[in-house]
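Data block below; observations after.
The values are calculated or read from the model by the stated rules, or taken from the named source; none is laboratory data. Bear in mind the structure is a predicted one, so any value in this text is a computation, not a measurement. Neighbour counts are summed over all protein chains in view; Cβ atoms, including those assigned to glycine, are modelled from backbone coordinates with ideal geometry. Note: areas computed on protein heavy atoms with side chains; ligands, DNA, RNA excluded. Shrake-Rupley method; radii C 1.70, N 1.55, O 1.52, S 1.80 Å.
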Amino acid sequence: CDIGTGSGLLGFWAVQAGARHVYALESNSLIINEARYLAQKNRWQDRITFINKNSLKAELPEKVEVVVGEILGPWGVDEDILKYYDDACRRFLKPSGLLVPSWLELYLLPVQNKKFWEEHISLWSKHYHGIDFSAVRPSALARYYYLQGDKQFKALAVPIRIARYDLYEHKP
């Protein structure tokens, strides 16, 4: 079962890996129709059942061996993974079944990035065309930013684990 299947990629990989059948759950009609189309073009339509519902409201005709999902978000728990996995574990998964991912760890690392600082923070200390924008600088400082892989940064400390979730056991 692929919860929040999106384009169907995880379900497609499951089929390629030998899954007998995949239930692909997605609440977005446009996206699930594209996934159906991709499955058809790859001749997997008989091995994947697409269910156009949020997994919390969906019903499956049978319990499954594996529940997969990529509903992590940038902070791991942004997209309510704990709620979705708790529900999927109780309602969809066989007792000996596997959750993928089955655990989640969050780490925090303070970094320094001069270019990023200049583009996103210090610019609010300047005047542009006679307008003082410094009043919004505290807001820019209070936000959190995601440094994608192509950003150069200097680590200011050793990363520390701030949370660990066992997705089999954790209740939302």
Mind listing the long-range amide H neighbours of Ile51? Cut-off is under 5 Å, sequence gap 5 or more, other chains count too, H placed in the peptide plane at 1.01 Å from N. Ala24, Leu25, Glu26
With only alpha-carbon atoms in the gyration tensor, what are the semi-axes of the equivalent ellipsoid for the chain, in Å, largest first? 41, 20, 15
Average Cα contact separation per residue, the chain, under 8 Å, 6 or more apart, as relative contact order %: 21 percent
So the FRET efficiency between Lys154 and Ser7, C-beta based with R0 = 30 Å and rounded to 0.05, is 0.25
Report in % the part of the accessible area of the chain that belongs to carbon and sulfur, leaving out ligands and nucleic acids; probe 1.4 Å. 55 percent
Spherically averaged projected area in nm², based on the convex hull that wraps the Cα atoms of segment 1-40: 2.4 nm²
Ellipsoid equivalent to segment 19-117 - semi-axes via the Cα gyration tensor, in Å: 30, 19, 12
Rel. contact order, % - alpha carbon contacts under 8 angstrom, at least six apart, segment 29-121: 26 percent
Sorted peptide list for 123-136, 22-35, 55-68, criterion being average Cβ within 10 angstrom, highest first: 22-35, 55-68, 123-136
Average accessible surface area per residue within the chain, 1.4 Å rolling probe, Å²: 66 Å²
